[in-house]
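Asks: Below is a structure I'd like to ask you about.
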Amino acid sequence: MVIGSGHFAQRRRSRRVLCIGDTLVDEVRTPTTTSRYAGGAGLLLTTGLRILNVPSSLVTVLGTDSDGIWLTEVLRAHDVKLYPGYPFAVSGEAVSERNAEGFPEYTFNDAVKHREYQFSPEVRAAIRDARIVVVNTFPLDDREQSETLLDAMSNATGLRVIDPNPRPALLRDILTFSANFERLTADADLVALSRHDTDLLYGIEASSLAKRLLDQGTKVVLIT
């Protein structure tokens with residue numbers, strides 16, 4: 001479902017898409033196997049864009065361990081331009097196991113829970129010049145990091161796309177997360193929401209939240 005309040009603004013910038021999002025190791029466990037993949041919403045989006053021959057760059061957080069080296073190599077192999085944040089000694093990791101109903105449940109290590117994004121002058125310039133800026137898997141319940149993100153995004157001249165992508169195991173303060181999400185989406189061109197997102201963050205129908213965001217200035221809301 002797509003709900004819109006108007007047309008996208010026509011802006012001509014570079015072709016590059018800049019994503020602000022996580023890079024981590026996805027460990028998938030079954031009763032008999034354990035498999036590890038390069039993952040995180042930021043990595044998956046930017047490498048996917050490169051497969052489609054779209055120039056992309058990534059503002060993310062990487063560890064300095066062997067996993068961090070591996071993840072960096074994966075991104076560089078896809079020619080994704082990297083803007084790594086403050087490094088951790090240990091890389092971020094998400095462990096996925098199926099519950100009794102067959103649905104995946106995730107747990108995250110401390111490197112993901114306490115990740116810190118860095119908005120250097122170079123990153124701010126990249127945000128300003130990108131044709132599209134996509135924000136996903138950002139710790140919006142971290143007040144200081146959210147203020148820095150909002151300030152950096154205020155100078156973006158391309159399209160602004162926001163996907164809150166909240167994870168229950170990472171949420172420390174739902175009210176702060178929701179408040180910063182609405183501040184970030186007030187002038188967004190596109191906001192992507194799942195029904196699971198709206199139920200987790202607000203406990204209301206996705207269409208009701210979409211109308212609320214449109215009233216506050218969002219151009220288009222995509223509900224999955």
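The values are calculated or read from the model by the stated rules, or taken from the named source; none is laboratory data. Not measured: the values here are computed from a predicted model. We place every Cβ from the backbone using ideal geometry, glycine too, and count neighbours over all the protein chains shown.
Asks: For region 14-53, enumerate the residues that are in a loop (DSSP other than H, G, I, E, B), within 18 Å of the chain's Cα centre (by Cα) and of a type outside the set (Gly, Ala, Ser).
Replies: Listed by number, the residues that qualify are ARG16, ASP22, THR23.
Asks: Are any of the residues in region 205-218 under 22 Å from GLN145 (Cβ atoms) and charged (D, E, K, R)?
Replies: no
Asks: If the requirement is being more than 17 Å from ASP22 (Cβ to Cβ), of a type in the set (A, V, I, L, M, F, W, C) and at pLDDT 95 or above, which of these qualifies: VAL133, VAL161, VAL220?
Replies: VAL220
Asks: Need the failing condition index for TYR86 against (1) closer than 30 Å to ARG15 by Cβ; (2) in contact with an Asp or Glu (Cβ under 7 Å, 6 or more places away or on another chain); (3) surrounded by 14 or more Cβ atoms within 10 Å (Cβ to Cβ), just the number.
Replies: That leaves (3) as the condition not met.
Asks: Right, next: Please determine whether any residue of region 40-59 is touching a strand residue (DSSP E or B) at 6+ places or on another chain (Cβ under 9 Å) and at pLDDT below 95.
Replies: Applying the first criterion (touching a strand residue (DSSP E or B) at 6+ places or on another chain (Cβ under 9 Å)) to region 40-59 yields 40-50, 54-59.
Narrowing further to those that are at pLDDT below 95: none.
No, there is no match, as no residue in region 40-59 is touching a strand residue (DSSP E or B) at 6+ places or on another chain (Cβ under 9 Å) and at pLDDT below 95.
Asks: Something else about it: When the residues of region 97-145 are narrowed to those that are out of contact with any strand residue (DSSP E or B) (no Cβ under 9 Å at 6 or more places or on another chain) and surrounded by 20 or more Cβ atoms within 10 Å (Cβ to Cβ), which ends up nearest to ASP26 (Cα to Cα)?
Replies: PRO139
Asks: Restricting the search to region 173-206, which residues are at pLDDT below 95, more than 15 Å from the chain's Cα centre (by Cα) and charged (D, E, K, R)?
Replies: ASP187, ARG195, ASP199, GLU205
Asks: Please specify each residue of region 3-13 satisfying the condition of being part of a strand (DSSP E or B) and either at pLDDT below 60 or in contact with a Cys (Cβ under 9 Å, 6 or more places away or on another chain) (or both).
Replies: ILE3
Asks: May I pose another question? Looking only at residues in region 55-73 that are in a strand (DSSP E or B) and of a type in the set (Ser, Thr, Tyr), which one is nearest to ASP26 (Cα to Cα)?
Replies: Restricting to residues being in a strand (DSSP E or B) and of a type in the set (Ser, Thr, Tyr), the top hit is THR60.
Asks: State whether the residues of region 62-77 include one that is within 20 Å of the chain's Cα centre (by Cα), at pLDDT 95 or above and closer than 29 Å to ILE223 by Cβ.
Replies: no
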